[in-house]
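Asks: My questions all concern the structure below.
The values are calculated or read from the model by the stated rules, or taken from the named source; none is laboratory data. Please read all numbers here as calculations on a predicted model, not as lab measurements. Counting neighbours? That spans all protein chains shown, and the Cβs are built from the backbone with ideal geometry, glycine included. Side chains are part of the model used for accessible areas, which takes the heavy atoms of the whole protein and leaves out ligands, DNA and RNA. Shrake-Rupley method; radii C 1.70, N 1.55, O 1.52, S 1.80 Å.
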Amino acid sequence: MHYLTIKNNQPVLVKEIPVVSYMAFLILNTGMVSESTARHCVNYFGYKEGNAIKLICCIADDTDHQIYVSSCLVETGNPYHSFSAKQLCFEKFEREIHENFGIDYSDHPWLKPVRFSHDRFDKNKEIAGYPFYSIDSEELHEVGVGPIHAGVIEPGHFRFICNGEQILHLEIQLGYQHRGIEKLFLDVKSLKEKATLSENIAGDTVVGHATAFAHTWESLCNFQTTPDIDFSRTIALELERIAIHTGDLSALCTDIAYQLGSAVFGRLRTPIVNFMQEWCGNRLSKGFIRPGLNRFPVTRELADRLLEVLDTFEPDFTEMNVELSNLPSALSRFERTGVVSTEDAITIGVVGMAARSSGLKRDVRNSHPYSMYPRLNHEPVVKHHGDVYSRVQIRREEVFQSIKHIRELLKEIPEVSPSERDNLLNPGTNLFTLSLVEGWRGEICHAAITGPEGELLHYKIKDPSFHNWMALALAVRNNEISDFPICNKSFNLSYCGHDL
Amino acid sequence: MYNNLKILYHQGKQFIPDVTTAKVPGIFRGRPVISLVKVDESRLQATCPTHAISANPVSIDLGKCTFCGECAMAFPDKIQFTTDYKISTNEREGLIVKEGDDQPIAINPEKVRKEIHSLFGRSLKLRQVSAGGDNSCEWELNAANNVQFDMGRFGIEFVASPRHADGIVITGPITENMAEPLQICYDATPDPKLIVLVGTDAISGGLFSGSPALNRSFLDRYPVDLYIPGNPAHPLTVINGLLDLTRRSF
């Protein structure tokens, strides 16, 4: 066997992962993706092992609940054949490996820096000199936006090539938010610091990333979570989904100048985030999720309060959605705008909400379930047009689905178990583990490797945005540039989660 | 039309009538109060993930604190977080809460530049720069403008161009890759101008303070007019901080 089969959150010894030759590694992984559209690469990264670079590639299968892990040793110097020439979904991963370690590829279509990380291989490559794609033509013009955008949002530079109002091509350059997070996970010593760090990977996905870190750490320590821990985390994950989807519906209405929708959805986010504050003391759930701990257990009183919040939220949310879906002027802006075809979505390996809007049934809650999801029998919401309206519908229906899940869960509240946090101070030695969590945006993947003392040797974070920024670039092609804001907002991708 | 009116009716009145006296719901970790109870100080310091706690006398630096509440949970007799969200100040030392003091954190009127009241007392336009922010402070700054908090009623707004702005609001620990764009944005803002830091990351670098991916030299070059702590800062903290700094009378 050239690969190892594992499940979500299942730790294995690093030496159990087969090390194969580069050609075998390439044929194996690109082959697995091309054989089945249900497979995609969840993580592919390198780390230093002696003088060589060890590459680890993880392919997840949406149908058989397995993750296939293989590895290979490479060196800088001679160029290698790229995975991307065969399967485009590896494009970003290989660019990152090239940027970090100077591994060269002979046939990579687009070998450019990803985030200009502080420890990049070639320090001569600077963010101000990013090599944008350009077309030499007198009839076309370029529009550059950023890094500081017009609104109160994070920075990135977008370069459009347009024919009049029509977008021919968009290239997105990121990296401005790079804070050196992955390295900090190794540098900070205490578990508290690492957990706090995980909450600050992306402030709009606090529960998602903190849960992924908690799962990673718990699996390294062979710690079995108790039902009450899983219960709190699942409810928090679904509340985060409701809050952000509702906020994004508001932003989408803002971008089509529909003031009523903008104001109503905007205000409907507040009771949800305020409930998080009532529960854990922070509107964005910071300070809530900790490995091995249930800091804020759900009591019957709190559950009743949450049901009360949802009972008042739901009719107002429904009413506004009915109005929006009957409004021709809104539909004419949403429908057939920013289309990502199913084929394109498969080719570039789109995940999460964006994948489900393009007809892919890709949802970690269903394909690699964790916490309370096996009990909920979660069935993903799938739409097929891949346009902005599909993403609007997904958000709307996922909000109702999350409310249903929470109501189902709250019927039975597990007893609070005593915490045994001492087990969490000594992670196992020479382990590899991988955690997948379905955040509101999509699949979050944290992977960790420990050394002979149980110390972290490598920590790898992958936000769903890492895959999905390319989907946005494809979605806007042949659209009017004035439709860019709604295309962008329909995905609402993360800059800090990508830049790390 | 009838449906629209029905929706409007169902929303009721959402705005918070008085943002200076509003109460926050449930648990809220605002200004901490540290009692004089004796505890193992080194163990207390070790509970803090951002090293915001100092010993002898015990104090918490709100510019470093991530408001995670670990210290208050481990030492409930020693440290309590109150729901006081008015924790902005124009002095960096003002963010350090010492044991025994239970005083509100406030603006020092002596240190407010004179032109701030006369020029910005009724209208303040700000350009926000996210310099490595994790999007939580950005979310809360946007929330400050929503129908509940409605910061716009005080004449305070975020604008798209630094040329239209009276100052800049920085979130995030200031990454190396944002150092130059931040400087360009500041230079493009006409004088006289404010600098406001929002969130723990911006004020001290927070958890990222040791990261080699940061370049905080911008803050060595210019004085800061207002520190708004929090992780993220609550919209009421933001609005009260800006109002206290710019209002004509105290």
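Asks: Can you confirm whether B:Val129 is within 14 Å of chain A (Cβ to nearest Cβ) and either of a type in the set (A, V, I, L, M, F, W, C) or free of Cβ contacts under 8 Å to residues at least 40 places away in the same chain (or both)?
Replies: yes
Asks: Right, next: Given the structure, is B:Ser59 out of contact with any helix residue (DSSP H, G or I) (no Cβ under 6 Å at 6 or more places or on another chain), modelled with pLDDT of 90 or more, farther than 30 Å from A:Ala263 by Cα and small (Gly, Ala, Ser)?
Replies: Considered against the rule, which asks whether it is out of contact with any helix residue (DSSP H, G or I) (no Cβ under 6 Å at 6 or more places or on another chain), modelled with pLDDT of 90 or more, farther than 30 Å from A:Ala263 by Cα and small (Gly, Ala, Ser), B:Ser59 comes out as yes.
Asks: When the residues of the stretch B:1-28 are narrowed to those that are surrounded by 11 or more Cβ atoms within 10 Å (Cβ to Cβ) and away from chain A (no Cβ under 11 Å), which ends up farthest from A:Arg267 (Cα to Cα)?
Replies: B:Thr20
Asks: While we're on this one: Applying the selection to the stretch B:165-186, what residues are among the aliphatic types (A, V, I, L, M) and part of a loop (DSSP other than H, G, I, E, B)?
Replies: The answer is B:Ala165, B:Ile174.
Asks: A further question follows. What are the pairs, 6+ residues apart or on separate chains, where a residue within the stretch A:353-374 that is β-branched (Val, Ile, Thr) has its Cβ under 7 Å from a residue that is outside any loop (DSSP other than H, G, I, E, B)?
Replies: A:Val364/A:Leu436; A:Val364/A:Val437; A:Val364/A:Glu438; A:Val364/A:Glu443
Asks: Pull up the stretch A:242-273, narrow it to residues that are of a type in the set (Val, Ile, Thr) and more than 23 Å from B:Lys13 (Cβ to Cβ), then point me to the one that is nearest to the other protein chains (Cβ to nearest Cβ).
Replies: Across the stretch A:242-273, the extreme among qualifying residues is A:Ile244.
Asks: If you don't mind, another one. Among the residues of the stretch A:477-500, write down those that are within 14 Å of chain B (Cβ to nearest Cβ) and charged (D, E, K, R).
Replies: A:Lys489, A:Asp499
Asks: Would you point out the residue of the stretch B:209-227, among those that are in a loop (DSSP other than H, G, I, E, B) and away from chain A (no Cβ under 14 Å), that is farthest from B:Gly94 (Cα to Cα)?
Replies: My answer is B:Ser217.
Asks: If you take the residues in the stretch A:105-130 that are open to solvent by 70 Å² or more (accessible area, probe 1.4 Å) and not basic (Lys, Arg), which one is farthest from the other protein chains (Cβ to nearest Cβ)? Write out each step before concluding.
Replies: Initial filter on the stretch A:105-130 (open to solvent by 70 Å² or more (accessible area, probe 1.4 Å)): A:106, A:109, A:119, A:121, A:123-126, A:128.
Add one more test, that the residue is not basic (Lys, Arg), and what stays is A:106, A:109, A:119, A:121, A:124, A:126, A:128.
Working: A:Ser106: 29, A:Pro109: 25, A:Asp119: 8, A:Phe121: 15, A:Asn124: 15, A:Glu126: 9, A:Ala128: 7 Å.
Residue satisfying both the conditions and the ranking: A:Ser106.
Asks: A further question follows. Would you be able to say whether some residue in the stretch B:110-123 is in a loop (DSSP other than H, G, I, E, B), β-branched (Val, Ile, Thr), crowded, with 21+ Cβ neighbours inside 10 Å and away from chain A (no Cβ under 14 Å)? Explain how you work it out, then say what you get.
Replies: In the first step, residues of the stretch B:110-123 are kept if they are in a loop (DSSP other than H, G, I, E, B); the result is B:112-113, B:121-123.
Of the ones still in play, those that are also β-branched (Val, Ile, Thr) are B:112.
From what is left, the residues that are crowded, with 21+ Cβ neighbours inside 10 Å are none.
So far as the stretch B:110-123 goes, no, none of its residues is in a loop (DSSP other than H, G, I, E, B), β-branched (Val, Ile, Thr), crowded, with 21+ Cβ neighbours inside 10 Å and away from chain A (no Cβ under 14 Å).
Asks: So, in the stretch B:55-65, how many residues would count as being surrounded by fewer than 21 Cβ atoms within 10 Å (Cβ to Cβ) and either free of Cβ contacts under 8 Å to residues at least 24 places away in the same chain or within 12 Å of another protein chain (Cβ to nearest Cβ) (or both)?
Replies: Counting residues in the stretch B:55-65 that are surrounded by fewer than 21 Cβ atoms within 10 Å (Cβ to Cβ) and either free of Cβ contacts under 8 Å to residues at least 24 places away in the same chain or within 12 Å of another protein chain (Cβ to nearest Cβ) (or both) gives 2.
Asks: May I ask you to list the residues in the stretch A:290-308 that are within 11 Å of chain B (Cβ to nearest Cβ) and either outside any helix (DSSP H, G or I) or crowded, with 22+ Cβ neighbours inside 10 Å (or both)?
Replies: Matches in the stretch A:290-308: A:Arg290, A:Leu293, A:Arg295, A:Phe296.
Asks: Among what's in the stretch B:195-208 and is surrounded by 24 or more Cβ atoms within 10 Å (Cβ to Cβ) and of a type in the set (A, V, I, L, M), pick the residue that is nearest to the other protein chains (Cβ to nearest Cβ).
Replies: Top of the filtered list is B:Leu207.
Asks: A further question follows. Of all residues being of a type outside the set (Lys, Arg) and within 8 Å of another protein chain (Cβ to nearest Cβ) in the stretch A:182-198, which is most open to solvent (accessible area, probe 1.4 Å)? Just the residue, please.
Replies: A:Asp187
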